[in-house]
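Structure first, commentary second.
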């Protein structure tokens, strides 16, 4: 009676191995699912960044306000009659 139980137990283990550890097993499915969630989060972040850049490009193409704002902050542009005052920051 002992041999049939051992043989059935061995068969059960052999049948379960591909389900858990095989190429399409549960462990692989869980890993791919985790990677999918990670990639979706990254894609969402990149879509938001692209939307922001697209809005900035459209603003730069259509209006002078965005160009002037960039020139003021990045290049120190002043209009005629304006006075530029720089306040040093404490270390």
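Figure legend. Inter-residue proximity from the stretch 60-71: first residues in a helix (DSSP H, G or I), second residues modelled with pLDDT of 80 or more and surrounded by fewer than 13 Cβ atoms within 10 Å (Cβ to Cβ), beta-carbon distance below 9 Å, spacing 6+ or different chains. Indicated pairs: 66/56; 68/79. Here 24, 81 are screened, and the one residue that is exposed (fewer than 10 other Cβ atoms within 10 Å of the Cβ), touching a helix residue (DSSP H, G or I) at 6+ places or on another chain (Cβ under 9 Å) and outside any helix (DSSP H, G or I) is 24.
The values are calculated or read from the model by the stated rules, or taken from the named source; none is laboratory data. Fair warning: this is a prediction, and the values are worked out from it, not measured in the lab. In this analysis, Cβ positions are derived from the backbone assuming ideal geometry, glycine residues included, and neighbour counts consider all displayed protein chains.
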